[in-house]
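Accompanying notes for the structure given below.
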Amino acid sequence: MPTLIERLEGKARERLICWLRLRMMEYEITIEALEHALDRDVEEEQKIRYRDAYGNAWTGRGEMPEWLRRAVAAGQSVDHFRCD
C-alpha cells in the first residue's frame, strides 16, 4: 500500500516534504537519525516472535500460519510458542 507521500503529486507533495524538513530542523532530527529509526522499525517488524520445535516461525504480523492455527485448535496456547 503506498504511503501518503507516494500518493501525493506535484505541489501537494512538495509542500508536505517542505513541512517535514522544517519540523526535522525544528526538532533537530538528522537524516541519519531518521534512517536509524526506520531501520530499527523494519528490524522489529521482521523479528520472529513465535517458533515451534520444528523450526516453523512467525513474526506475529499478518494471518496466523497454519502450523500455529492447528496447535491452537488442538488446545495449545499461542503464548507457548512466543520467543521474545
Output the peptides 18-27, 62-71 sorted from most to least packed, where packing is the average of other Cβ atoms within 10 Å over each peptide's residues. 62-71, 18-27
With the dipole of the stretch 20-70 defined by +1 on each Lys or Arg Cβ and -1 on each Asp or Glu Cβ, the option from ALA57, LEU68, MET25 whose Cα lies farthest towards the positive pole is LEU68
The FRET efficiency for ALA73 and GLN46, from their Cβ-Cβ distance with R0 = 30 Å and rounded to 0.05, is 0.65
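Counting pairs of alpha carbon atoms under 8 Å apart in space and at least six apart in sequence, what relative contact order in percent does the chain give?
Working: 40 pairs, mean separation 16.9, N = 84.
Relative contact order here is 20 percent.
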Report which label in (1) 16.3; (2) 13.6; (3) 13.3 holds the value of Kirkwood radius over Cα pairs in Å derived from the coordinates of this structure. (1)
Nearest-ten-degree value, helix 10-26 long axis tilted from longest Cα axis of the chain: 90
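Any read-out appearing in this document is the output of simple, stated calculations on the displayed coordinates, not a laboratory observation. The model shown is predicted, which means the values in this text are computed figures rather than measured ones. A quick note on method: Cβ atoms are made from the backbone with ideal geometry, for glycine too, and the neighbour counts reach across all protein chains shown.
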